[in-house]
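Comments concern the structure below.
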Amino acid sequence: MDCVFCKIVKKEIKADIIYEDDRVVAFSDIKPRAPVHVLIIPREHKETLDDMYAHTNDLMGAMFTAVRRIASEKKVDRSGYRVVINCGRDAGQEVSHLHVHLLGGRAMAWPPG
Ligand code: AMP
Ligand code: ZN
């Protein structure tokens, strides 16, 4: 499968990996939209949030545990941060491997475009 994020998981292409465990990998977004912009992904290929089910709740838990850990390490836990999952075409999902955006380090507008 030609998936750029699977290639990052397998270390076939380079990324600035900042956290990994047996279920989750996190790395800096190549085109950061905020001073802190990290992507948290499952090792296992899942196309979108819509491919997550009750039996994958522990995987979602692992991803959000990593989000909080990284937010703390990047020192945006107190100032605040935004967590985004783009799911499918209307949300503008570009990479079809589920990823959580962790954005912080600046004030953000609402609602998103
Ligand atoms: P989305 O629009 O939610 O699918 O976001 C995909 C994100 O992946 C974008 O913010 C891209 O900048 C980022 N991205 C794409 N390729 C890479 C890569 N090789 N390394 C790091 N980030 C990437
Ligand atoms: Zn993948």
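The values are calculated or read from the model by the stated rules, or taken from the named source; none is laboratory data. Because the structure is predicted, anything quoted here is derived from the model rather than measured. Backbone-built Cβ (ideal geometry, glycine too); neighbour counts: all protein chains shown.
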Is it the case, given these coordinates, that residue 18 is out of contact with any Ser or Thr (no Cβ under 9 Å at 6 or more places or on another chain) and in contact (Cβ under 8 Å) with a residue 12 or more places away in the chain? no
Enumeration of residues in segment 12-58 that are hydroxyl-bearing (Ser, Thr, Tyr) and closer than 14 Å to residue 99 by Cβ: 19, 28, 48
Could you tell me which of the residues 79, 96 is in contact (Cβ under 8 Å) with a residue 24 or more places away in the chain, hydroxyl-bearing (Ser, Thr, Tyr) and surrounded by 15 or more Cβ atoms within 10 Å (Cβ to Cβ)? 96
What number of residues within segment 49-67 satisfy the criterion of being among the charged types (D, E, K, R) and either out of contact with any Lys or Arg (no Cβ under 9 Å at 6 or more places or on another chain) or modelled with pLDDT under 95 (or both)? 2
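Mind telling me which of the residues 23, 33 ends up being of a type in the set (Lys, Arg), away from ligand 1 (no atom under 11 Å from the Cβ) and in contact (Cβ under 8 Å) with a residue 12 or more places away in the chain? Even if it seems obvious, please write down each step before you answer.
Details: 33 fails: away from ligand 1 (no atom under 11 Å from the Cβ).
Of the residues listed, the single one that is of a type in the set (Lys, Arg), away from ligand 1 (no atom under 11 Å from the Cβ) and in contact (Cβ under 8 Å) with a residue 12 or more places away in the chain is 23.
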Hey, does segment 65-83 have a residue that's among the β-branched types (Val, Ile, Thr), within 11 Å of ligand 1 (Cβ to nearest atom), within 13 Å of the chain's Cα centre (by Cα) and within 28 Å of residue 45 (Cα to Cα)? no
Tally of residues being outside any helix (DSSP H, G or I) and either in contact with a Cys (Cβ under 6 Å, 6 or more places away or on another chain) or loosely packed, with under 13 Cβ neighbours inside 10 Å (or both) across segment 49-62: 1
